[in-house]
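Only one structure is covered here, and it is reproduced in the block below.
The values are calculated or read from the model by the stated rules, or taken from the named source; none is laboratory data. The structure displayed is predicted, hence computed values, not measured ones. Cβ placement follows ideal geometry from the backbone for every residue including glycine, while neighbour counts extend to all protein chains displayed. Please note that ligands, DNA and RNA were not included when accessible areas were found on the heavy atoms of the full protein model with its side chains. Shrake-Rupley method; radii C 1.70, N 1.55, O 1.52, S 1.80 Å.
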Amino acid sequence: MEQLRLFEGAQTYTTTLGDKPLSIETGILAQQAGGAVTVRCGDTVILATATMDKGVRPGIGFFPLTVDFEEKLYAAGRIPGNLFRREGRPSEQAILLCRLVDRPLRPLFPKGMRNEVQIILTALSSDNEQLIDPLAIIAASAALAISDIPWDGPVGASSIGYVDGELVVNPTVSDMELSTLALQVAGTADNILMVEAGASELPEDIMLDGLKLAYESMQPAIQTIQRMQADVGKEKHTDFPVFAAAEHTVEQVNQLAREKVSAAVAGTTERDQRKARLAEIHDETMEALAEPINTGDVEAGDVNDTLESLYKDAVRRRILDESVRPDGRDPQTIRPIQVQVGNIPRVHGSGLFMRGETHVLTIATLGTPGDAQRLYTLQPEEEKRYIHHYNFPPYSTGEAYPMRGPKRREIGHGALAERALQSVIPEDFPYTLRLVSEAVSSNGSTSMGSVCGSTLALMDAGVPIDAPVSGIAMGLVQDQDSGDYVVLSDIQGVEDHLGDMDFKVAGSSHGITALQMDLKIKGLDFEILRIALEQARQGRLHIMQKMLEVLPESREDLSPYAPRILTVSVDPEKIGKIIGPGGKTVRALQERYEVKIDIDDDGSVFISGLNGLAAEEARREIESLTEEVEIGKIYTGQVVRVEAYGAFVNLLPGVDGLVHISQLADYRVNNVEEIANVGDELTTMVIDIDPAGKIRLSRQAVLEGWSAEEARDRDRGGRRGGGRERDRGGRGGNRERDRSMRNGGRPRR
């Protein structure tokens with residue numbers, strides 16, 4: 001373990017993550033932060049700091065936790081590629097990492113706390129082999145645990161892969177190239193708190209085994225952090241305000257409104273009617289308490305908070321006691337589903353997925369390989385050719401607020417839906433794919449609506465996906481005292497807001513392709529997870545059936561507005577012939593045929609254009625540029641030079657061969673120009689290529705029907721100065737055939 005020590009004088013704690021040693025150090029860097037640690041696994045090092053503001057910003061009505069990831073490219077020995085040569089706004093991968101760290105930490109802060117807490121993660125070193133995600137969660141957990149910030153941790157984290165039929169703990173980047181599972185799990189010593197996963201259609205039982213293995217493998221890190229906290233942890237700050245309604249206000253509001261709120265919840269299944277009745281109850285309560293509010297004995301904010309608590313309790317009790325949800329459904333019923341495809345003109349593919357009041361319109365665009373997104377991050381991937389973007393405009397919830405670009409939530413939802421379909425995109429499909437999901441109406445789980453909309457848009461665009469994918473959001477209501485619980489399928493907005501779990505599951509009929517789970521309680525046992533996974537499987541298969549009733553399979557043809565792409569595989573060493581000096585050749589090809597040509601280092605050449613015939617002509621010319629001349633193969637080419645001893649014929653671009661005068665015809669030729677002049681076309685056979693690359697051709701072999709070996713045996717050129725044999729039918733017997741062959745024709749039979 002000594003090789004994991006970073007700084008002399010630091011207090012170092014060592015443990016394992018899977019089969020790899022992991023160290024946590026403190027005491028040297030960032031000593032003025034509330035808590036600071038460096039976590040190392042392999043040669044990947046993360047610095048984590050946790051700091052709390054001792055005051056509370058006036059007017060703040062929520063707990064302001066911020067997680068930032070400083071993705072320093074020096075960690076991988078690289079200089080940023082932008083104009084300023086320094087890191088700028090966070091990449092999409094950095095934002096997703098921040099969300100991943102935030103989610104398991106947030107439920108463990110004291111309820112009612114509103115002091116600002118900031119966690120900053122800085123990548124100091126990256127070996128491009130260790131996955132950063134679990135290390136970042138462990139580092140943040142350790143920094144919080146030893147800080148003065150009140151927090152009910154620690155948490156641990158683990159990554160799980162599935163390679164060659166075996167679950168692997170803390171896989172490396174190299175392992176993940178072979179893995180059909182990318183599972184990230186965080187939790188406490190007692191339970192799982194957060195799940196994030198992408199998979200290649202894995203069955204539920206393997207996924208559940210992976211969750212159990214992740215929980216077990218994170219325990220050594222949790223125990224090490226607990227030991228650190230006992231040894232070097234600061235005394236927790238206790239002098240912070242807790243924002244909660246005053247007891248006398250709670251009592252008065254309960255007396256005035258509890259029964260009314262319960263009646264409003266039970267009295268209607270229509271969301272708008274329920275909201276209107278709750279608004280009336282709010283006004284009646286405020287009017288009844290007007291005098292103590294005016295005198296300052298009762299805070300209006302406390303009244304609002306108590307009414308919200310009454311509403312939450314009424315909804316939860318009705319679900320737990322009667323198995324009846326706010327809209328009248330039972331726990332497993334899916335909202336009505338409607339599907340439309342192909343309604344938007346000019347776009348390459350579109351799908352509108354409607355589930356209750358959640359409506360998502362997804363548009364698919366097919367681009368060339370050159371349209372792939374370039375990535376400049378610490379992640380090993382350098383580009384993306386399948387991209388999904390998710391937008392959540394304010395009108396989707398009937399609100400109005402400034403639009404300032406995608407927020408972290410939108411980026412996270414887009415990445416989840418992207419991950420859900422990643423494994424069913426054919427690897428040999430040459431197009432770059434961009435899908436954009438517009439959440440045009442929202443009442444719960446627009447991210448899973450985006451999964452369904454993406455499947456429809458891809459199939460409408462003619463993308464031959466391996467299997468259709470659907471998604472569903474599961475919820476949970478659990479009584480923390482009795483332990484009673486109800487798992488809910490297809491949760492709507494109010495159930496997400498008032499429930500204890502948001503568990504999103506996407507997959508095909510063969511298995512799971514993506515998972516995401518967030519908890520508001522302090523843990524979830526595996527029996528509930530098992531039930532939720534099975535209930536989700538039944539729900540998403542029901543949803544998929546509704547989708548396939550409208551569009552059973554991908555369309556046979558691509559949209560007429562999509563580019564046509566032809567693929568050619570060439571020897572990577574011959575790429576230079578296509579590109580030409582300074583790119584001259586490839587530019588000329590693109591201009592001549594009005595196509596776009598993209599070339600990969602592995603020799604894959606992609607030719608794209610709206611004119612399929614022009615693209616085909618470009619493909620043929622590229623093949624000729626890189627084609628190898630073969631002995632025994634017949635070529636028709638133009639005479640480019642005539643000498644007394646023979647004619648030089650162009651076989652391929654930049655490749656000429658010599659037809660000796662003795663091989664120009666099946667009779668004796670006295671003058672080369674009797675048969676071949678510059679500009680004529682001759683059909684010849686390649687009969688030999690010497691070590692220097694000089695090519696020997698024979699027209700006589702084509703006329704006589706000889707093989708290359710036979711032609712070489714009869715070739716006297718250069719030894720006796722001419723052809724040896726005459727045609728059996730006489731010198732003039734093949735004049736007509738000669739005239740035909742000179743122009744590329746075939747001899748008559």
Over 18 Å between alpha carbons, listed pairs K111/K504; K20/K72; K111/K312; K633/K694; K72/K234: K111/K504; K20/K72; K72/K234
Stretchable slack from D175 to D231, in nm (0.36 nm times residue separation minus alpha-carbon distance): 16.6 nm
q = 0.14, 0.20 Å⁻¹, the stretch 97-250: log10 I(q)/I(0) [Debye, one scatterer per Cα]: -0.74, -1.24
All-pairs alpha carbon distance profile, the stretch 314-463, 5 Å steps from 0, percent: 2, 9, 16, 18, 17, 14, 10, 6, 3, 3, 1, 0
Over the stretch 489-592 - Rg/Rh using Cα atoms and the Kirkwood inverse-distance radius: 1.29
Within the chain: Cβ-based charge dipole about Cα centre, in debye rounded to nearest 20 (Lys, Arg +1; Asp, Glu -1): 3400 debye
Residue list for the stretch 595-622, given a label point 7 angstrom along the Cα-to-Cβ vector of R587 and an amide N cut-off under 20 Å: 595-600, 606-608, 618, 622
The stretch 1-115 shape via C-alpha gyration tensor axes, a/c threshold 1.5: oblate
Isotropic mean projected area of the C-alpha convex hull, the stretch 249-354 (nm²): 9.9 nm²
Percentage relative contact order, the chain, counting C-alpha pairs under 8 Å, at least six apart: 9 percent
Alpha carbon Rg of the chain, scaled by the compact-globule rule 2.2 N^0.38 Å: 1.31
Which of A10, G398, S450, positive extreme of dipole for the chain (C-beta unit charges): S450
The stretch 290-398: C-alpha gyration tensor shape, a/c 1.5 cut-off, then a/b vs b/c: prolate
Other-chain or far-sequence residues with amide H under 5 Å of H388's (modelled H): L435
Accessible area of E247 in the full protein assembly, 1.4 Å probe (Å², nearest 10): 140 Å²
Relative contact order computed over the stretch 566-647 (Cα-Cα under 8 Å; 6+ residues apart), in percent: 30 percent
Vicinal HN-Hα couplings computed from phi for the stretch 52-65 (Karplus, 6.51 cos²θ - 1.76 cosθ + 1.60; Hz; Gly/Pro x): 10, 6, 6, x, 10, 5, x, x, 6, x, 8, 8, x, 8
Cut-off under 5 Å, modelled amide H: who pairs with K72 long-range: A123
Debye, to nearest 20: dipole size of the stretch 406-476, +1 on Lys, Arg Cβ, -1 on Asp, Glu Cβ: 400 debye
Heavy-atom accessible area ranking, 1.4 Å probe, most first, across H510, H237, H660: H510, H237, H660
With DNA, RNA and ligands ignored, accessible area of Y485 (1.4 Å probe; Å², nearest 10): 80 Å²
Table column - 3J(HN,Hα) (Hz), the stretch 582-594, Karplus curve with 6.51, -1.76, 1.60, x for Gly and Pro: x, x, 5, 5, 5, 5, 5, 4, 5, 6, 5, 9, 6
Cα-based convex hull volume of the stretch 241-292 per residue, rounded to whole Å³: 97 Å³
Dipole magnitude of the stretch 474-632, debye to nearest 20 (Cβ charges: Lys/Arg +1, Asp/Glu -1, about Cα centre): 440 debye
Vicinal HN-Hα couplings computed from phi for the stretch 178-187 (Karplus, 6.51 cos²θ - 1.76 cosθ + 1.60; Hz; Gly/Pro x): 9, 8, 9, 8, 10, 10, 10, 9, 10, x
Nearest-10 value in Å² for the accessible area of E549, using the 1.4 Å probe: 120 Å²
The stretch 594-700, relative contact order in percent, only Cα pairs under 8 angstrom and at least six apart counted: 23 percent
Average accessible surface area per residue within the chain, 1.4 Å rolling probe, Å²: 46 Å²
From the C-alpha gyration tensor of the stretch 591-662, square roots of 5λ in Å: 32, 14, 10
Largest-first ordering by accessible area, 1.4 Å probe, given options S569, S179: S569, S179
Under 5 Å, built H, 5+ apart or other chain: amide partners of D688: R696
